[in-house]
Structure formats: structure tokens, C-alpha cells
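Structure record follows, encoded as C-alpha cells.
Rule-based calculations on the coordinates, nothing more; no lab input. None of these values were measured; they are calculated from a predicted model. Glycine gets a Cβ as well: all are built from the backbone with ideal geometry, and neighbour counts include every protein chain shown.
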Ligand SMILES: [Zn+2]
């Protein structure tokens, strides 16, 4: 591997933009964050470019040492053209040509990739997926996004939709999903869907322990409140958790038998909750995957955890360099 490759990466989130500077040996050389709450692109884009120059200067590197930039973008987005079409949580960003702006401002080539794919690439170059050419990264957060690395390649699909694991229908005529389909895996195991389901169940029971763990506010019931209620032994919370675990095993079993990965690397809930999250999934997996494929697949939490954003765009840039034969 060429030791001299240095890349800059951006992770565009709902409330912040993570900026990272990294090298091709898996080392993060610098990081910064830009607040991005209710901002306008015309104020933030110049700041993004400026922050890259600042990180290079702080690392005592000439800006010319950087080979490429990468952008990790939330959906929906026009991936090949690098345009953020309508990111959630910010009404000012509509059809913003982020990639072209940065190409012009940084005078660097760049790549634009969806955030779940970037998460997979980040774990590949910097985290739990190092030296592993067959693995799947699952975000396991408010929703369930996936990035699939198979045979040493990121699977993007014909129209960049590959890896939308959370919208695999696992129940015929099942629960309504935000995407329009019914019975999606995410509708049973995504953090937002579970919270909404519990809120609906408890709408006439404001004194329920789960609501108490959410500070007494039904609208604030989230995965954290449900987790606390599970640890306290609340029967309804235990039932919800068990269903979530079974559905996770169902969704993951499909992936394990389809791709025969060496690892499933799991994001947010897996590392935040730990064994209470992972163990019940492991218990149910033999119902959904063959013993052979299951024996070859390790279930592990993300190593990069909440810092993954600093690595996400960098990893996309490193992968692009590799694809171009420049790494
Ligand atoms: Zn769906």
C-alpha cells in the first residue's frame, strides 16, 4: 500500500458535519466538527472547504499532500452526481451540488457515497472490518441501513440502492414502514419504528414504567427508555425486546445465507447496549441461517462507534483511490 496517500472526508449529518483527515495506513491525522443545525448550504460549504485546509495545516501537511476527498451523505441523494437532494432535518438543503462545490473549492478529485456504505468502508479501513473482504455493516440506529462488502468490493447495485437491508419485507402485510412498503425488517427492529410502536401501545397508559424511564413523557419514549425498562424486568419491555431480537435474527439470517459473510458489524444499538442486544440475536439466529454459514459469521459491534463519521468520508475516498488503481 502506498504510504503517502492522504485523504479528507466529510460526514454530513442532521445536526453536524464531521470532517476527518486520514492516511492510507488506517490512521486518523485530524478531525473537526461543524455545527449544521438549521444552516444554509451557502454558509456551510465554504466552511467545509476551509476546515479541510485547517486540518492539513494542523497536521503540518501541505494541502497538496491530499489526494482526494470523500463525502458521506444521508439519503435521499443523487450519488453519481454528488447532489444532496432532500436530507432529513434540514429544510434549507435542497438539490445542493456538494461534490462539485468541493471539487472547485479544494481543487481535488472527490467521491460521494451514501452513509451506510461509508460506514462499511470506514470499518473496513479503520475498524472491525480490517483485513476482512466479506462482511456487512448494519447501522442499527433509528433505521437499519446496510453496506455490503463482498469479495473485496462494495456492492452498490444498478442504481446505488444496494444494501437497503432495512426494507427487506419479512412479514406479509405486516407493519407499515415509512418507505411505503408493509412488513419491512426496519418496521420491526429499527429504533424509530419500535419507539413509535411502543408509544402507540402506551397512549392510554401514561403511568407505565417505560414512560417513567422516558422522564414521564410518552413522546420521549425511545430505545434508551425501553432498554432501561428491560433491565428493570418490565414484562412489556421484555416482550418488545424479544420480538426485536427475533426480527433482527430473521433479517440478519437472510444476509448470512445470501452473502456468507465473515462478519456482521453492527452500529449504534449494538455498541451502546452491548450483550443485552447481541446475545438474544445470537440465540435466535440458528432459526434463520444454516449452521455452516452461521459458524463462519461473527456478530461484532462497530469499533469506530460514535466517531465513525470522522472516518466515513475518508474511507470512501480511499476506496475510490483503490478502485482507480491508485492505492
Ligand atoms: Zn421499508
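Nearest 10 degrees is fine. How inclined is helix 115-126 to the longest principal axis of the chain, computing both from alpha carbons? Tilt relative to the chain: about 70 degrees.
Once the cut-off is 25 Å, how many percent of the Cα-Cα pairs in the range 8-159 end up in the long-distance tail? Numbers along the way, then the final one.
Numbers: 3229 of 11476 pairs.
The proportion of pairs with Cα distances above 25 Å equals 28 percent.
Calculated on the alpha-carbon coordinates, the convex hull of the range 80-146 measures out at 121 cubic angstrom per residue. Residues 319, 125, 161, arranged from fewest to most other Cβ atoms within 10 angstrom of their Cβ, appear as 161, 125, 319.
For the chain, the longest principal axis of the C-alpha atoms and the axis of helix 235-259 are separated by about 50°. Residues within the reach of a label modelled at residue 4 (point 7 angstrom out along Cα to beta-carbon, backbone nitrogen below 15 Å), restricted to the range 16-39, are 24-25.
Of all beta bridges DSSP finds with both residues in the chain, what is the antiparallel percent, to the nearest 5? Antiparallel: roughly 55 percent of the beta bridges in the chain.
Let me have the 222 nm mean residue ellipticity of the chain computed from DSSP H runs of 4+ only, each contributing -39500 (n - 2.57), with the sum over all residues rounded to the nearest 500. If you can, show how the numbers build up before the last one.
Details: 12 runs with 131 residues, N = 327.
Calculated mean residue ellipticity at 222 nm is -12000 deg cm²/dmol.
Bins of 5 Å, beginning at zero and ending with the bin holding the largest distance: percent of Cα pairs per bin for the range 102-208, please. Reading upward from the zero bin: 3, 11, 16, 16, 15, 13, 10, 6, 5, 3, 1, 0.
As a footprinting exposure proxy, order 244, 140 by other Cβ within 10 Å, with the fewest listed first. Don't skip to the answer; put the middle values down first.
On the way: 244 24, 140 28.
With the sparsest Cβ surroundings first, the list reads 244, 140.
Taking the number of other C-beta atoms within 10 Å as the exposure measure, put 37, 322 in order starting with the fewest. By the 10 Å Cβ count, ascending: 37, 322. Every Cα-Cα pair in the range 272-320 was counted, and those over 16 Å apart are 58% of them.
Taken along its principal axes, the alpha carbon cloud of the range 1-78 reaches lengths of 38, 24, 17 Å, longest axis first. In summary, the range 153-260 shows an alpha-carbon radius of gyration equal to 1.22 times the 2.2 N^0.38 Å reference for compact globular proteins.
Relative to the longest principal axis of the Cα atoms of the chain, helix 275-284 runs at roughly 70 degrees.
Output the antiparallel fraction of DSSP beta bridges having both residues in the range 135-303, as a percent to the nearest 5. Write down the numbers at each step before the final one.
On the way: 8 of 16 bridges.
Roughly 50 percent of the DSSP beta bridges within the range 135-303 come out antiparallel.
In angstrom, the C-alpha Rg and Dmax of the chain are 20.3, 62.
Specify the inter-centroid distance of the range 1-56 and the range 166-230, based on alpha-carbon positions, in whole Å. That distance is 34 Å.
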